[in-house]
Amino acid sequence: MKRITLKDIVIVIQRTLDSMDDRLAGHGEKVAYIMYKLLKCHGGYSDEEILRMITLAVFHDIGVYKIEERDHIVDMDLEIPMNHSVYGYLFIKYFSPLSDLADIVLGHHLYPKDFNDSAKVKIPKEALILNLADSIAVLQLHFNKIDPMLILNKSSNDLLEEHKELFKKACNEYDLIEKIETDTYLNELYEILDKRELSRREIIAYARMLNYAIDFRSESTVVHTITVEEISWQISKMLGLDDYKSTIIKIASMLHDIGKLSIPINILEKKGKLTQEEFEIIKCHTIVGYNILSNMGIDDIRDIATLHHEKLNGTGYPFCLKGDNISKEARIVAVADVLSALIGKRSYKDEFSKDEVISILSNMASNYEIDKDICKLVIENYDYIEKRVKANTKNTLKLYKNLMNEYKELLEYFEKISFILK
Ligand SMILES: [Fe+2]
Ligand SMILES: [Fe+2]
Ligand SMILES: [Fe+2]
């Protein structure tokens, strides 16, 4: 496998966030860079701690994939956009490789005045540094230029004196404002991220985080990707593929619907038949995913992941590929995707019975839509595959339910506190 570094992961995450709302384009990268400089000026952190915190800064707004609060985030609103902070915190805590840093995201829209020593949730100081980095990036978004006095004149309720000093130091020592205003920070940011190579386990952990983000958007797809991944994995093993190929297929399965994060939720969750126009929008998830994974030296993963709606007879999308132009690996993910959709409940349908699933798969194979050998293998091992899928998805469903309950509780708690603080 190509050497994969934090840079690659950050690019995929940033492109995914960009595809959701172009007002957030590059926001994570910018906040990460500012955070980097503020932490450097602060001192006392190891290189690894800094790398982990700037990676977190890239996706500090990840909660917006589920909680529509983007207007508040980009609008310098006075109201604290707590919903995505709380959801993002829980999501990062349970489903990301940076779970120990989740508290920072929880507090990233809070100010010193909101801190309370007896609070139920302890917010670390780094949350205030992330808040400062975020507000500098939002200032630039609105005015194109950053007037340092808008930061330095803040009251001590809104910005700690020591953090004003950090900001001044970053401007003096690192030309922070100029770098941000002239967009010259990206090379430097990616240079340091590129030095940190990721292990296979770490790559899978980040892909897993994205796969939960894709699935959790809609109540009806909470375990879709994990199901596709398990089915693809089982097929790879049954076909006797080697460890390298199986791992590539596994990662590709986890990312196969990454473009779905750009599709409006009302279309994803629509009950009943989609209009032609809505269907065309849904179809775009393949090409969005294709672009997210392009130009990164991982075309093998991209071509397995995002060709899962191609059909051997050329009637699929996005490229209407035919027969030999669709690799065996992509055919595996395509069959796994169909099977996952058939055995799962959706907003527009219930799960199908085993007989129905087998009959639909067989029809698709005889119409030369999916690979007939893979299809035969799946049908012959149906019960085993289904058992494996159930064992694998049970935990995720439970975790998802817990997350949503905890989200409601925490939100109520913060609403109560903000009421007291007012
Ligand atoms: Fe935010
Ligand atoms: Fe798809
Ligand atoms: Fe899918």
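The set of residues in the range 325-347 being away from ligand 2 (no atom under 14 Å from the Cβ) and either closer than 19 Å to L241 by Cα or touching a His at 6+ places or on another chain (Cβ under 7 Å) (or both) consists of I326, S327, K328, E329, R331, I332. When K376, K372, K408 are checked against the criterion of being surrounded by fewer than 14 Cβ atoms within 10 Å (Cβ to Cβ), assigned by TED's automatic domain parsing to the domain that holds A341 and not acidic (D, E), K376 stands alone in meeting it. I'd like the residue in the range 38-63 that is more than 16 Å from ligand 1 (Cβ to nearest atom) and assigned to a loop (DSSP other than H, G, I, E, B) and, out of all such residues, is nearest to L166 (Cα to Cα). In this case the residue turns out to be G43. Mind listing just one residue for me: the one in the range 258-268 that is more than 18 Å from K345 (Cβ to Cβ), assigned to a helix (DSSP H, G or I) and not β-branched (V, I, T) and, of those, nearest to the chain's Cα centre (by Cα)? Checked the range 258-268; the qualifying residue nearest to the chain's Cα centre (by Cα) is L261. Of all residues in the range 10-27, those satisfying the criterion of being acidic (D, E) and either assigned to a helix (DSSP H, G or I) or crowded, with 21+ Cβ neighbours inside 10 Å (or both) are D18, D22. Summed over the range 239-264, residues that are of a type in the set (D, E, K, R) and within 11 Å of ligand 3 (Cβ to nearest atom) total 2. For the range 202-212, a residue qualifies if it is touching a Pro at 6+ places or on another chain (Cβ under 9 Å) and of a type outside the set (D, E), and the qualifying residues are A205, Y206, R208, M209.
Screening A213 on (1) of a type in the set (A, V, I, L, M); (2) in a helix (DSSP H, G or I); (3) more than 16 Å from ligand 1 (Cβ to nearest atom) shows it passes everything except condition (3). Taking the condition at pLDDT 95 or above and either in contact with a Gly (Cβ under 8 Å, 6 or more places away or on another chain) or not assigned by TED's automatic domain parsing to the domain that holds I13 (or both), does S220 pass? So S220 fails the test. Whenever a residue of the range 249-265 is polar (S, T, N, Q) and modelled with pLDDT under 95, its partners that are more than 12 Å from ligand 3 (Cβ to nearest atom) and not in a loop (DSSP other than H, G, I, E, B), lying with C-beta atoms within less than 6 angstrom and at least six residues away or across chains, give the pairs S262/S19; S262/M20; S262/V288.
Please verify whether Y290 is within 16 Å of ligand 3 (Cβ to nearest atom) and over 23 Å from the mean Cα position of the chain (by Cα), treating the condition exactly as stated. Criteria not met by Y290.
Here is a check on your reading of the model: is H142 buried (at least 16 other Cβ atoms within 10 Å of the Cβ) and either touching a residue at least 12 places away in the same chain (Cβ under 8 Å) or not charged (D, E, K, R) (or both)? In short, no. Among helices (runs of 4 or more DSSP H) entirely within the range 269-388, having at least 3 residues that are within 16 Å of ligand 1 (Cβ to nearest atom) singles out no element at all. Once the range 216-238 is narrowed to residues that are part of a helix (DSSP H, G or I), of a type in the set (S, T, Y) and within 16 Å of ligand 2 (Cβ to nearest atom), the residue that is surrounded by the fewest Cβ atoms within 10 Å (Cβ to Cβ) is S220. When the criteria are applied in full, L193 meets the requirement of being in contact (Cβ under 8 Å) with a residue 24 or more places away in the chain, under 19 Å from C41 (Cα atoms) and crowded, with 20+ Cβ neighbours inside 10 Å.
The values are calculated or read from the model by the stated rules, or taken from the named source; none is laboratory data. This is a predicted model, so every value here is computed, not measured. Using ideal geometry, Cβ is built from the backbone for each residue, glycine included, and neighbour counts are taken over all protein chains shown.
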